[in-house]
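See below for the structure under consideration.
The values are calculated or read from the model by the stated rules, or taken from the named source; none is laboratory data. Everything quoted here is computed from the prediction, not taken from an experiment. In this analysis, Cβ positions are derived from the backbone assuming ideal geometry, glycine residues included, and neighbour counts consider all displayed protein chains.
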Amino acid sequence: MNLQLLVSGVSTGVVYGLIAMGMVLIFRAVGVMNFAQGEFLMFGGYLCYTLNRLLHLPIGLSLILASLLMGAVGVIFMRTSYWPLRNAQARAIIVSAMGASIVLKEGARLIWGSIPVTVERVVNGSTTLAGSAVVQWQYVAIIVISAMIMALVYLLLEKTFIGHIMQATAQDQYMASLVGIPVIMSIGLTFALSAFLTGIGGGLLAPLFFLNNTMGATAGAKAFAAIVIGGFGSVQGAIIGGLIVGLVEAFGGAYISTTYQLVLIYVMLVLVLMFRPQGIFGGKIQEKA
Amino acid sequence: MKRILAILLIVCMAFGMTACGQPAATSGEKTAPASGAESAAKPIKIGLTTVLTGDRSLEGEYASNGIKIIQQEINDAGGVLGRPIEIVIQDALGTDVGAVNAYRKLADDSEIVAIIGSDSSNDNMAVSPAALELKIPTTAQGSSPKLRDMCNNDNPWLFQLRACDETLCASLMRYAVETGGYKKFAIIHDTETSSADQARLFTEGLAKYGIEPVVVVPFTTGTKDFTSHITQIQKAGVDAIIGACFQAEAAILIQQIRALGMTDIPIFGSNAFADPVTIRLAGDAVNGVYCASAWVPTTPNPKGAALAKKYKELFNEDCGKAAAQVYDHVSIIVEAIKRAGTTDRAAVRDAMNTIDNYEGAVTRYDLRTNGDCGRGGLLVKVENQVAVVLDQITSEKIIKK
């Protein structure tokens, strides 16, 4: 039973981690939380559905193409929702993101309809571990693929020239522009990477939880909780925070209350804010502030 | 350059004049003889509040499609009182506040004769005071016993055109205990009002046999991962699972119950468990699920079967409950207008109370009292991803003199 819960908690946790990572990248780049991040998850899932079920492409290829297309969606999102307001107050950008979230949600409903849809699983079937714990292979696939993507993103940010450009822009846009970094391109890349990360989560979750146009709201809220727990602005914090949220949800549901799963997450959030307001990995952002 | 612009302008003007002239000629042909009778041909308006956006927008999609079918059928047959009907739709947003706002927007139009409420008892109860205040005949798609009592006792303008959940839930529990022989049940349900209400009715249905559910597992709307919920059910060691929730959650729940090793356990569910959307999403896992449903597209009712066929032809989807319900609601309102011989709201309301044996697509209707007007439902089992009707559920209307 505990193993079953562990696998379920980790797999949903890594997806929250992916969404949270995407949110953190945008937060670091432009200093504002993207409240439409959950909709990237939904939109990525629907693009994967289009490629897999409507154009009959294999699921692996559909996932890759859908996440690349999400990169383009991220750039369009940046150009329409953030860039025109880049010199405005943060609250204007937040409202703009909320508006974009409605556009994405209702746009998806107009394009794909209200009937929930699904895509093929990356791996079918399940296995029984430790006698009675049934683990679906799709959960394992989510964990493995998400871990690989997180590792690749870490390498991209820390070890590549493009990553350094993105980090430099995130630290100080003005200084970055003075040393010749094309700021718009760098921010565009950050939004693209953020949408890519979150979008692939949508395609991975779709066969388990199905797609509908409002699925992003709850996932986005949990990812936000993950960021606060992990530490604002920290990529590692986003991953660890996502895992904590996933595990609290799974074990809290089984051992404390299924009705109050969400409440348990927010109780944890309040506790973190009371005793470690900067989050687990939140030191850096405090120094920056 | 100027010359090109001038030519373009002339072409545009010529095109514009031609375009303007075309409909004038056409409309002149149609309206000229009817100019005196123009007001007589003015459509009779009926309002519909349904959920077009947000979490429950599937309902709005079904309802809008159902409306297209019934509106065309009635108008092709000559309309009512010699006038066509027109359905005006407002978005209820899937919330009770949204439902009231949508209702009041429709009520502002004095030409609207009656209003059809959304497929939620909560929404229907929320609009009840407005219906009473504004005196507009209003039909409710919700099936809760509380709504039934409100319609019967508190609001003569509100009609519950649906079989009450009490009948359906009790019937399903009777089947599970008497025919299935099951004794140990787990109940898993959404905490939103109608599902929680259905879970309560399932519990009451079991209580008639002296059975208490071994475990009751509630979950909040939007839950996607049921591992912890199902783990609790596995620990309880039950013979059967009873579920109450909407379509998407029902499909995920069924899939996860099967995926976590409970491959043969019988599942008894609320309306949504045999819905076409649930069946399509859950795939093979849905086979063996039992449900007491108001509507399935495989209904033996001839009118319902014809509607299901037409819906499939037109929209290439199986007909959902909300489509069939609004189809019947419009038919009944039109029947009441016909009986009243006028579009006066009070006369239509009185005429509605005279309808007592009306065969609809979903079921037979008896409107002599306002609550529990749908007289039955269907006991179904899903086999090979098709909802097979095992029995028709009927109940006698209780009319207090």
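In the set (1) free of Cβ contacts under 8 Å to residues at least 24 places away in the same chain; (2) within 28 Å of B:Leu93 (Cα to Cα), A:Ala88 fails one condition alone, (2).
If you go through the stretch A:48-79 and keep only what is among the small types (Gly, Ala, Ser), crowded, with 16+ Cβ neighbours inside 10 Å and over 19 Å from A:Leu189 (Cα atoms), you end up with just A:Ser62.
Does B:Ala285 fit the bill of being more than 21 Å from B:Met173 (Cβ to Cβ) and more than 9 Å from chain A (Cβ to nearest Cβ)? In short, yes. When A:Gln278 is tested against the conditions (1) under 26 Å from A:Gln4 (Cα atoms); (2) surrounded by 19 or more Cβ atoms within 10 Å (Cβ to Cβ); (3) of a type outside the set (Asp, Glu); (4) in contact (Cβ under 8 Å) with a residue 12 or more places away in the chain, the lone failure is (1). Residues being among the hydroxyl-bearing types (Ser, Thr, Tyr) and within 19 Å of B:Lys312 (Cβ to Cβ) are represented in the stretch B:285-295 by at least one member. Taking the stretch A:99-186 as the region of interest, the helices (runs of 4 or more DSSP H) fully inside it that hold 1 or more residues being out of contact with any Asp or Glu (no Cβ under 7 Å at 6 or more places or on another chain) and β-branched (Val, Ile, Thr) are A:137-159, A:161-171.
Within the stretch B:109-128, residues that are touching a residue at least 24 places away in the same chain (Cβ under 8 Å) sit with their Cβ atoms under 9 Å from residues that are aromatic (Phe, Trp, Tyr) and crowded, with 22+ Cβ neighbours inside 10 Å, at 6+ positions apart or across chains, in these pairs: B:Ile115/B:Tyr103; B:Gly117/B:Tyr103; B:Asp119/B:Tyr62; B:Asp123/B:Tyr103; B:Ala126/B:Tyr103; B:Val127/B:Tyr103; B:Ser128/B:Trp157. Sub-7 Å Cβ pairs linking a first residue in the stretch A:243-264 that is at the interface with chain B (Cβ under 8 Å from one of its Cβ atoms) to a second residue that is β-branched (Val, Ile, Thr) and buried (at least 21 other Cβ atoms within 10 Å of the Cβ), at least 6 apart or interchain, are A:Glu249/A:Thr12; A:Glu249/A:Ile265; A:Ala250/B:Thr227; A:Ala254/B:Thr231; A:Thr258/B:Val217, ordered by first then second residue. Of the helices (runs of 4 or more DSSP H) contained entirely in the stretch B:173-261, those carrying at least 3 residues that are facing chain A (nearest Cβ under 10 Å) fall at B:227-236, B:247-259. Residues of the stretch A:8-28 that are among the aliphatic types (A, V, I, L, M) and within 21 Å of A:Tyr139 (Cβ to Cβ): A:Val10, A:Val14, A:Val15, A:Leu18, A:Ile19, A:Ala20, A:Met21. Annotation note: Cβ proximity below 7 Å between a residue of the stretch A:207-218 that is at the interface with chain B (Cβ under 8 Å from one of its Cβ atoms) and a residue that is of a type in the set (Gly, Ala, Ser) and outside any helix (DSSP H, G or I) (sequence gap 6+ or interchain) occurs for A:Thr214/B:Gly54; A:Thr218/B:Gly222. When A:Ile227 is tested against (1) at pLDDT below 90; (2) over 30 Å from B:Ser57 (Cα atoms); (3) surrounded by 24 or more Cβ atoms within 10 Å (Cβ to Cβ); (4) under 17 Å from the mean Cα position of the chain (by Cα), just one condition goes unmet, and that condition is (1).
Among the residues in the stretch B:131-150, are any over 25 Å from the mean Cα position of the chain (by Cα), within 25 Å of B:Gln392 (Cβ to Cβ) and at pLDDT 95 or above? Scanning the stretch B:131-150, I find no residue that is over 25 Å from the mean Cα position of the chain (by Cα), within 25 Å of B:Gln392 (Cβ to Cβ) and at pLDDT 95 or above, so the answer is no.
If you go through the stretch B:323-340 and keep only what is of a type in the set (A, V, I, L, M, F, W, C) and either out of contact with any strand residue (DSSP E or B) (no Cβ under 8 Å at 6 or more places or on another chain) or under 15 Å from B:Gln71 (Cα atoms) (or both), you end up with B:Ala323, B:Ala324, B:Val326, B:Val330, B:Ile332, B:Ile333, B:Val334, B:Ile337, B:Ala340.
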